[in-house]
Amino acid sequence: MSRKKIVAGNWKMNTSFSEAADLVEQILAYDTDANVTKIFFPPFPYLKNVSDTLAVKTGYYSGAQNCSEYEHGAFTGEVSASMISSVGCKFVLIGHSERRNYFKETNAQLVSKIQQVIKNNLVPVFCVGELLAERKSNNHFETVNHQLKEVLRHFTKEEVNNFILAYEPVWAIGTGETASPLQAQEMHSNIRTCVKELFKEQVASHIPILYGGSCNEKNAAELFSCEDVDGGLIGGASLKADSFCKIINSF
Ligand code: PGA
């Protein structure tokens, strides 16, 4: 079955306000594949500006890199899903490995965050991925399946049908080391099987699964040609308009 093709740029804690505006303008000026959904995840302070700029062109969307697990109130420094929605965003990254590992986000928190995301009609891009030690000890499938099950089991088939998943092996993020197409394909296929076990074939065959981890304009085509890889979640290479647009055009 044909699934949505998606390329998303996770800018992390990079760019100044004017660099962010320039980057978006440069990407919009590029001739990119209209069949690919493009999503930008800029830092919070730039979301409104990026969303407004993207609103003029079809197929381009903005998203937040994180959101609060709470609805509103005395949570200094937090940003709620409703705030994110109110500035024109459509997506929220949930469970990125940097949030899991540096900020110690737990599965229970990820569930609460996704509940907030759904309540505000946003789409979660839910990230999973194993550490180097877990791959070396051959526990990568078990790790990823556990991450999926502990969170997805709290949601209905109808809700999960609207999710996007991202497989990001932690050993490949920002390291220049990429999963081989074989490694990516076998994990994406494993993720799809896990979703099928939890829900139905219809959800599993529909859900887009993105690959992330040192994906760039040189390796994107090979990765995207894998049967179960529906696009990429791009970190470093999303900060250069030329690289990001070449990745978009890699299907
Ligand atoms: P990278 O980051 O492309 O710089 O490896 C990917 C990510 O963390 O989303």
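Here, each number is a calculation from the coordinates, and none is a lab measurement. Treat the numbers as computed from the prediction; the structure is a model and nothing was measured. Note that we place each Cβ from the backbone using ideal geometry, even for glycine, and neighbour counts take in every protein chain shown.
Protection proxy ranking, highest mean first, for peptides 232-241, 116-125: 232-241, 116-125, where packing is the per-residue count of other beta-carbon atoms within 10 Å, averaged.
For region 77-137, a/c is not less than 1.5, where a ≥ b ≥ c are the root eigenvalues of the C-alpha gyration tensor, and a/b tops b/c. That puts it in the prolate class.
Grouping the Cα pair distances of region 1-128 into 10 Å bins from zero gives a pair-distance distribution of 12, 43, 34, 10, 1 percent in increasing distance order. Among S97, I173, Q185, whose Cα lies farthest out toward the positive end of the dipole of region 5-248, if unit charges sit on the beta carbon of Lys, Arg (+1) and Asp, Glu (-1)? Highest projection toward the positive end goes to S97. Over region 44-118, the fraction of Cα-Cα pairs per 10 Å bin, rounded to whole percents and listed from the shortest bin up, is 20, 48, 27, 5.
Here is how the number arises for the chain: DSSP H runs of 4 or more residues each give -39500 (n - 2.57), the sum is divided by the residue count, and the result at 222 nm is -11500 deg cm²/dmol.
Assuming charge only on the beta carbon of Lys and Arg (+1) and of Asp and Glu (-1), the dipole of the chain about its Cα centre is about 320 debye to the nearest 20. Treating each Cα of region 5-248 as an identical point scatterer and ignoring solvent, apply the Debye formula and state log10 I(q)/I(0) at q = 0.11, 0.16 Å⁻¹. One equal scatterer on each Cα of region 5-248 leads to -0.52, -1.18.
For region 156-165, backbone phi angles converted through the Karplus equation (6.51, -1.76, 1.60; θ = phi - 60°) give residue-by-residue couplings of 7, 4, 5, 5, 5, 4, 9, 7, 10, 10 Hz, Gly and Pro being listed as x.
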